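J.: Take this structure, written in structure tokens, and hold onto it; I'll ask about it next.
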Amino acid sequence: MNARVAVHPIEQESYAILRSRLDTSDLPPLTRAVVERVVHTSADTTWAGDLVAAEDALQAGREALLAGSPLVTDVRMVASGITARPAVVALDLAAGPEPGLTRSAAGIRAAVAQHPDGAVWVIGNAPTALHELVRCAADGLVRTPLVVGLPVGFVGAVAAKAALRASGLPAVSNRGERGGAAVAAAAVNALLYADDDRAVD
């Protein structure tokens, strides 16, 4: 992974505005990086009270990414938003419909078979994908240093994220229905660019 050469002046100004409206100085470094990048991406400071993350999980995820561990996303749009690392797109691995599974869930099941140990998982689209990943972990089929679980939707998103938090998996999630590819990718970029983000201070 190559670090960014420089932070663009517009991004510096954007972070300055963000920090004038939201005090994140009491947060641990990686938690702060994730919160600020999600807020920066969405221009919505209320994300600061909605995100749930543990600093040790973020550190483990960052170390895994920097060490070259596989990065698996549920859909291509999430992968496209992660600018410093190629990703495996689970949906592309789904051979076709499977009884009782959405295509997104089938893709996660296929990806788990290929990457059972050590991958960082990023779910930003389908709640059923996150439910399937949690189910696979409960069955002992997958081990991971970090799950970014930020799917969006009125149906199933809140429950899927609650199940992720209850599972004990190291994770980033939020409590509400919102989410999506942009914020899921932002959380990963925050970990990859954490040193750069601190340099914006």
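The values are calculated or read from the model by the stated rules, or taken from the named source; none is laboratory data. These numbers were taken from a predicted model, which means no experiment stands behind them. FYI the Cβ positions are ideal-geometry reconstructions off the backbone, even for glycines, and counts take in every protein chain you see. Just so you know, the surface numbers come from the protein's heavy atoms only, side chains and all, with ligands and any DNA or RNA stripped out. Shrake-Rupley method; radii C 1.70, N 1.55, O 1.52, S 1.80 Å.
J.: To the nearest 0.05, what FRET efficiency results for residue 8 and residue 139 with a Förster distance of 45 Å applied to their C-beta separation?
T.: 0.50
J.: Search the structure for amide H atoms under 5 Å from the amide H of residue 52, placed 1.01 Å from N in the peptide plane, and list their residues when 5 or more places away or on another chain.
T.: Amide H to amide H, under 5 Å and 5 or more residues apart or across chains, residue 52 pairs with 173, 174.
J.: Considering only protein heavy atoms and a 1.4 Å probe, what is the carbon-and-sulfur percentage of the accessible area of the chain?
T.: Carbon-and-sulfur percentage of accessible area, whole number: 56.
J.: What are the ³J(HN,Hα) values, in whole Hz, obtained from phi via the Karplus relation 6.51 cos²θ - 1.76 cosθ + 1.60 with θ = phi - 60°, for each residue of the stretch 169-176 in sequence order, with x given for Gly and Pro?
T.: Per-residue couplings from phi come out as 5, x, 8, 10, 8, 9, 8, x Hz.
J.: Order of 24-34, 104-114 by packing, highest average Cβ count within 10 Å first?
T.: Details: 24-34: 17.5, 104-114: 22.1.
So the order, starting with the most tightly packed, is 104-114, 24-34.
J.: Here are some values of mean projected area of the Cα convex hull in nm²: (1) 14.9; (2) 13.4; (3) 10.4. Which one was computed from this structure?
T.: From the options (1) 14.9; (2) 13.4; (3) 10.4, the structure gives (3).
J.: Measure nothing fancy, just the Cα-based angle from helix 181-192's long axis to the longest principal axis of the chain, in degrees from 0 to 90, nearest 10.
T.: The angle comes out at about 60 degrees.
J.: Here's another thing I want to ask about it. Keeping all protein chains in place, calculate the accessible area per residue for the stretch 54-131 (probe 1.4 angstrom), answer in Å².
T.: I get 43 Å² per residue for this part.
J.: Determine the distance separating the Cα centre of the stretch 58-101 from the Cα centre of the stretch 113-130; give it in Å without decimals.
T.: Cα centroid of the stretch 58-101 versus Cα centroid of the stretch 113-130: 6 Å apart.
J.: Check residue 122: other-chain or 5+ apart residues with amide H under 5 Å from its amide H, H built from backbone geometry?
T.: Here 72, 73, 74, 148 satisfy the definition.
J.: Taking θ = phi - 60°, what integer Hz values does the Karplus form 6.51 cos²θ - 1.76 cosθ + 1.60 yield along the stretch 32-49, in sequence order, with x for Gly and Pro?
T.: Listing the rounded values in order: 4, 4, 5, 4, 5, 6, 5, 4, 4, 5, 9, 6, 9, 5, 6, 4, 4, x Hz.
J.: Now a separate question. To test your reading of the geometry: what angle, between 0 and 90 degrees and rounded to tens, separates the Cα axis of helix 55-66 from the longest principal axis of the chain?
T.: 80 degrees
J.: If you fit an axis through the alpha-carbon atoms of helix 9-21 and take the longest principal axis of the Cα set of the chain, what angle between them do you get, 0 to 90°, nearest 10?
T.: 90 degrees
J.: A follow-up question, please. Taking Cα pairs under 8 Å and at least six residues apart, what relative contact order does the stretch 1-75 come out at, in percent? Walk me through the numbers before you get to the answer.
T.: Details: 32 pairs, mean separation 19.6, N = 75.
It rounds to 26 percent for the stretch 1-75.
J.: Applying the Karplus parametrisation 6.51 cos²θ - 1.76 cosθ + 1.60 with θ = phi - 60° to the phi angles of the stretch 99-111, what ³J(HN,Hα) value in whole Hz is obtained for each residue in order, glycine and proline being reported as x?
T.: x, x, 10, 6, 4, 4, 5, 4, x, 4, 4, 5, 5
J.: By per-residue mean of other Cβ atoms within 10 Å, what is the highest-first order of 43-50, 181-188?
T.: 181-188, 43-50
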